[in-house]
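**Q** Got a structure for you, questions after.
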Amino acid sequence: MKPYTLQAQFQADMDCPKEVVMWNYYDHEHLVGTHYKLYDKARVVAERNDWALVFRSKRMPLLPFHSSGIGFQYMDGNTMKSFHKDSLGFFLETEIDFIDLPEDRCTIRVTYRINTHPFFRVFEPFFKRLFEKWFWATWEEDAPMRIRRWKVHKLGFKEFSGIDYINRKIAKPEHLEPGKYVFDPPVRTSSPIKTVQGIERPFTQSLELGYDE
Amino acid sequence: MSTAPRQEKIPEVSAQPNSTPDRQEDYQCVASLEELKKTSQLTRWLNDHDILLYEYEGQIKALSNICRHFGGPVGYHKAKDGVFTCLWHNWRFSCVDGSCLSHPGLPLRQYPVKILDGNVYVDLLG
């Protein structure tokens with residue numbers, strides 16, 4: 001019997017270059033930080049410059065349980081392709097297209113697909129609703145992260161160092177020339193995420209005071 | 001879980017010590033004491049400095065809110081047990097002096113603080 005493809009597609013614009021968003025999608029450590037309410041564990045099993053094999057444990061909206069699974073993701077030009085087999089047995093294929101817009105903005109288009117038995121066609125409305133909620137839940141947590149990442153980049157931020165004029169307690173230079181934001185995977189890590197232990201979220205509840213952007 | 005900020009009483013407070021008086025100073029108002037009293041911790045961008053202002057053990061202190069790892073917001077979460085945990089990648093910093101508990105060589109910058117007429121000022125060059 002020919003499999004049926006459940007599909008859902010969403011897109012939104014970001015006020016930052018697409019390379020910043022690529023970094024965000026490729027940064028596995030932030031899953032249990034920025035998304036601590038959704039993800040409880042993450043591990044990079046293997047990684048090279050443009051691909052990664054990762055373990056993730058998360059709870060999706062509308063589902064009353066955590067699901068975990070192994071995912072493989074890689075860059076194909078300006079598209080990130082991700083394949084995730086979860087503990088329920090579903091095989092999710094995701095394509096994330098990063099599209100340039102003028103003035104350092106971009107459009108992100110995400111397509112979710114599951115090839116499954118035709119019986120599951122009746123669940124297509126639920127599938128679309130589930131992934132719509134997932135897309136926006138993660139988007140709302142990631143968007144301020146991307147905007148801030150772009151903002152500090154423009155102030156001269158260097159990873160594992162900071163902003164020079166802040167560290168050195170000097171006046172901010174009148175002209176900063178941070179240059180183009182370069183996405184150069186793999187993302188530099190400092191936690192045990194690449195070990196067998198992986199990393200876990202530090203807490204499940206927090207009093208959030210939020211960003212001041 | 002996200003919860004609404006709760007009211008906390010700030011006791012009698014003093015500012016952390018300032019540095020030497022003969023150097024250049026650039027004190028700027030960050031917030032009023034009334035604003036700070038609401039949650040005893042707030043963050044604010046001020047002339048391209050992201051300031052984390054908070055009360056800890058009776059003193060008002062100010063740190064850079066920019067994590068030196070990837071630039072995340074250190075003060076997004078209310079501090080617990082004297083420790084800030086950066087939202088993005090969970091780097092941990094001491095409320096005492098901004099020292100980094102995750103990577104000791106990468107402390108947060110401290111800003112000298114002054115309190116004047118119910119407002120809190122920080123020295124951006126201090």
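Each value in this text was obtained by applying a stated rule to the coordinates, not by laboratory testing. Quick caveat: nothing in here was measured; it's all calculated off a predicted structure. Don't worry about glycine lacking a Cβ; one is built from the backbone with ideal geometry, like all the others, and counts go over all protein chains shown.
**Q** Of the residues A:PRO125, A:PRO118, A:PRO186, which single one is in contact with a helix residue (DSSP H, G or I) (Cβ under 8 Å, 6 or more places away or on another chain) and more than 9 Å from chain B (Cβ to nearest Cβ)?
**A** So the residue among A:PRO125, A:PRO118, A:PRO186 that is in contact with a helix residue (DSSP H, G or I) (Cβ under 8 Å, 6 or more places away or on another chain) and more than 9 Å from chain B (Cβ to nearest Cβ) is A:PRO186.
**Q** Then there's this: Within segment A:141-183, track down each residue that is within 29 Å of the chain's Cα centre (by Cα) and hydroxyl-bearing (Ser, Thr, Tyr).
**A** Within segment A:141-183, A:SER161, A:TYR181 qualify.
**Q** Still on this structure, please answer the following. Is there any pair linking a residue in segment B:89-109 that is free of Cβ contacts under 8 Å to residues at least 60 places away in the same chain and of a type in the set (D, E, K, R) to one that is surrounded by fewer than 16 Cβ atoms within 10 Å (Cβ to Cβ) and in a loop (DSSP other than H, G, I, E, B), with Cβ under 6 Å and at least six apart or on different chains, and which?
**A** Cβ pairs passing all conditions: B:ARG92/B:LEU101.
**Q** Also: For segment B:65-113, name all the residues that are more than 7 Å from chain A (Cβ to nearest Cβ), among the charged types (D, E, K, R) and farther than 22 Å from B:ASP48 by Cα.
**A** Listed by number, the residues that qualify are B:LYS80, B:ASP81, B:ARG92.
**Q** Among the candidates A:PRO186, A:PRO192, A:PRO178, single out the residue that is closer than 22 Å to A:SER57 by Cβ and loosely packed, with under 15 Cβ neighbours inside 10 Å.
**A** A:PRO192
**Q** Kindly state which strands (runs of 3 or more DSSP E) lie completely within segment A:16-114 and contain at least 2 residues that are closer than 23 Å to A:GLY198 by Cα, among the hydrophobic types (A, V, I, L, M, F, W, C) and within 14 Å of another protein chain (Cβ to nearest Cβ).
**A** Once the strands (runs of 3 or more DSSP E) in segment A:16-114 are filtered for at least 2 residues that are closer than 23 Å to A:GLY198 by Cα, among the hydrophobic types (A, V, I, L, M, F, W, C) and within 14 Å of another protein chain (Cβ to nearest Cβ), what remains is A:39-48.
**Q** Filter segment A:189-206 down to residues that are of a type outside the set (Gly, Ala, Ser), over 28 Å from A:ASN78 (Cβ atoms) and in contact with a helix residue (DSSP H, G or I) (Cβ under 8 Å, 6 or more places away or on another chain) and give me whichever is nearest to the other protein chains (Cβ to nearest Cβ).
**A** Checking each candidate, the answer is A:PRO202.
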